[in-house]
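The values are calculated or read from the model by the stated rules, or taken from the named source; none is laboratory data. Predicted model only: the values in this text are computed from it and were never measured. Cβ placement follows ideal geometry from the backbone for every residue including glycine, while neighbour counts extend to all protein chains displayed.
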Amino acid sequence: MADQAFPTGTLMAGKRGLIMGVANKNSIAWAIAQQLAAQGAELAFTYQGEKLLRRVKPLAESVGSDTLLDCDVTNDDQMDATFAALESKWGKLDFLVHAIAFAGKDQLAGSFIDQTTREGFKSALDISAYSFVDAGRRAAAIMNDDGAMITLTYLGSERVIPNYNVMGVAKAALEACTRYMAADLGPRGIRVNAISAGPIKTLAAAGIGSGRHMFRFNKAASAMQDNTDSKGVAGAALYLLSDLGLSCTGETHHVDGGFHAIGMPQEGPLRESLAE
Ligand SMILES: NC(=O)c1ccc[n+]([C@@H]2O[C@H](COP(=O)([O-])OP(=O)(O)OC[C@H]3O[C@@H](n4cnc5c(N)ncnc54)[C@H](O)[C@@H]3O)[C@@H](O)[C@H]2O)c1
């Protein structure tokens, strides 16, 4: 089941890590997992509840992993059990992939100022930003001193994206957490980075209002005039989690076809559509 198109090699040989955030074969975390496995990494996976185990188990097995841990990041007992299980299985950890976000559907459509509730705000920030701090602290306690961690973010943290709303605020917090974690763990040689991916069709992306327009607009307005390929995100993850990424920490690295770099699109369909 693992996609053979991921470049193989030994960049992650001898390294063991935890992947948090695979829901199905479209998950960004799954692309990352396949790329890391293709480079020799040994993987463990968390899944969010029994319903997702059915999908995650065969994926994990296809990359040789039998370590599947039920972990909702809002449940402290499950977080404790996850990292205790890793410590008892491996002793030490080399890397952590955090690819988890959530906001209620009612928060992800319409006006930010009108739609954002206190509960919606708290839960989005808790699950999408604090969980990286919480998992990062637990991972660091059992991590080798040359270890690395990554999280997944989106441009909605830096610029207003319609309907992304409170998730944009959560991603801004997540990127700030990444920098603070990098400073705390840097003296130990542990690197902490974020990948800012362009829109990719996943379960999480489907929850955002007007997603269809988002994909079309990104394709038309990005430097590469194309949508983001999760293989590019997986390649960036490999760089940041392997020794290739030495000295790179506290960074938010964009993998979005250059969408973030564009102020006004070049000649092309988008400009033509605005012509009088
Ligand atoms: N798809 C995109 O366009 C895109 C772009 C940039 C960044 N991202 C980010 O990438 C990450 C992965 O998302 P994805 O797009 O692959 O979608 P996905 O739906 O495949 O993955 C989201 C994961 O978050 C998990 N999750 C949500 N709440 C949780 C909780 N309380 N406890 C444990 N796990 C929980 C889900 O189980 C799921 O595995 C997210 O942080 C997302 O914001 C996605």
Answer yes or no: is there a residue in region 44-52 that is surrounded by 16 or more Cβ atoms within 10 Å (Cβ to Cβ) and more than 8 Å from the ligand (Cβ to nearest atom). yes
Output the number of residues of region 224-257 satisfying the condition of being over 18 Å from the mean Cα position of the chain (by Cα), outside any helix (DSSP H, G or I) and under 30 Å from GLY9 (Cα atoms). 4
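What helices (runs of 4 or more DSSP H) completely inside region 72-135 contain at least 2 residues that are more than 13 Å from the ligand (Cβ to nearest atom), over 18 Å from ALA173 (Cβ atoms) and of a type in the set (Phe, Trp, Tyr)? Break it down into steps so the answer makes sense when it comes.
Working: elements: 76-90, 112-115, 118-125.
Correct list: 76-90.
Just checking, which of GLY258, GLY263 is at positive phi and either surrounded by fewer than 22 Cβ atoms within 10 Å (Cβ to Cβ) or at pLDDT 95 or above (or both)? Don't jump to the end; show me each part of the working.
Values: GLY263 fails: at positive phi.
The conditions single out GLY258.
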For region 190-218 the number of residues that are in contact (Cβ under 8 Å) with a residue 12 or more places away in the chain and charged (D, E, K, R) is 2
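Look through ALA60, ALA37, ALA41, ALA31 and report the one residue that is over 20 Å from ALA85 (Cβ atoms) and not acidic (Asp, Glu). It would help to see each step written out before you state the result.
Working: ALA60 fails: over 20 Å from ALA85 (Cβ atoms); ALA37 fails: over 20 Å from ALA85 (Cβ atoms); ALA41 fails: over 20 Å from ALA85 (Cβ atoms).
Sole residue among the options that is over 20 Å from ALA85 (Cβ atoms) and not acidic (Asp, Glu): ALA31.
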Any residue in region 50-77 that's in contact (Cβ under 8 Å) with a residue 24 or more places away in the chain: show its pairings with residues that are hydroxyl-bearing (Ser, Thr, Tyr) and within 13 Å of the ligand (Cβ to nearest atom) at Cβ separation under 7 Å, as long as the two are six or more apart or on different chains. VAL56/TYR47; LEU68/TYR47; LEU69/THR46; LEU69/THR82; ASP70/TYR47; CYS71/THR46; CYS71/THR82; VAL73/SER131
Test PRO187 against the stated conditions and say whether it is out of contact with any Asp or Glu (no Cβ under 8 Å at 6 or more places or on another chain) and in contact (Cβ under 8 Å) with a residue 40 or more places away in the chain. no
In region 156-169, residues that are in contact with a His (Cβ under 9 Å, 6 or more places away or on another chain) and surrounded by 21 or more Cβ atoms within 10 Å (Cβ to Cβ) total 0
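Please specify each residue of region 46-71 satisfying the condition of being among the small types (Gly, Ala, Ser) and in a helix (DSSP H, G or I). Outline the logic, then answer.
Going residue by residue through region 46-71, those that are among the small types (Gly, Ala, Ser) are 49, 60, 62, 64-65.
Selection gives ALA60, SER62.
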